[in-house]
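Notes for the one structure printed next.
We did not get these values from a lab; they are worked out from the coordinates using the rules stated. Fair warning: this is a prediction, and the values are worked out from it, not measured in the lab. Note that we place each Cβ from the backbone using ideal geometry, even for glycine, and neighbour counts take in every protein chain shown.
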Amino acid sequence: MGVPSWGELFRLRYWLRVWPWIFLVGVFSLVRFSKGAGFSDAYAFLSRPFWPGSAQGEWVQKGIQIEHLARINLLEQDNKRLREMLSLQRSSGREFLSAAVISRTVQGWWHQLVLAKGERHGIDRGNPVMGPGGLIGLIESVTPTTSRVRLLTSPGSRVGVWAPRTKRHGILIGIGTNRPQLQFLDKDSKAIPGDLVSTSPASTLLPPNVPIGIIQSVDTEALPAPEAVVQLTAAPEAIDWVQVQMN
């Protein structure tokens, strides 16, 4: 076996330097024309041992089941809420108009909300507005297609109310929070936490005997008469549909 000549050594060194570049060009050309399909297949083959197993598949299925149950629960709550509103309308014997809440501001969250129906639908200023659970406010202003509700929690809101257990009258005053203040008209209110507050059974401006809230605490030392903090039975922050009592 002879010693390689200088020409053969030169060609060998030349190919050792050039062939990696030729290989790279070939690889890039393959990727270019195959759009990476080969690499995707290779990656899938090499990563197969690390693919999610049956346990992870079960987690996914449980997640889907939880989502479906949550959707069903939300639908049931919506149906219950709408049935309660329909029951209120039938039991009162008065005409009510259902309306969607379309707007409210963060700054005035406890002050007002805007409904998707207005003067063209028969809504007038002063109409009582009910949510699921009881009275939430009165119509403050109307346009042809919208109406603005002043909530019972709005600062300056004043509504005459009734404590059925003690048979005492009072005035519910909004103070800008989710719990309005109740000022009794009698010094001996006899109110205790847990007492129901409603509209008066003899009310003509408001639908009679409509729940408004539950007394949370009582300040018997307040002057000139005791005061109480009331938790509304119809939470304004969670309402998206209401019923407006028509004239």
Problem set entry | Long-range amide H partners of E140 with built H, under 5 Å | G126, R148, V149, R150
Problem set entry | For region 142-150, 3J(HN,Hα) per residue [Karplus equation, 6.51 cos²θ - 1.76 cosθ + 1.60, θ = phi - 60°, Hz, x = Gly/Pro] | 9, 10, x, 10, 9, 8, 10, 9, 8
Exercise. Where does each of 97-103, 225-231, 123-129 land if you order them by average Cβ count within 10 Å, highest first?
Worked result: 225-231, 123-129, 97-103
Problem set entry | Rounded if a/c under 1.5, otherwise prolate or oblate - region 93-146, Cα gyration tensor axes | oblate
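Using only Cα atoms, what Kirkwood radius does region 96-247 have, in angstroms?
Kirkwood radius, region 96-247: 15.4 Å.
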Exercise. Using the per-residue mean of other Cβ atoms lying within 10 Å as a proxy for protection, in what order, highest first, do the peptides 234-242, 146-154 fall?
Worked result: 146-154, 234-242
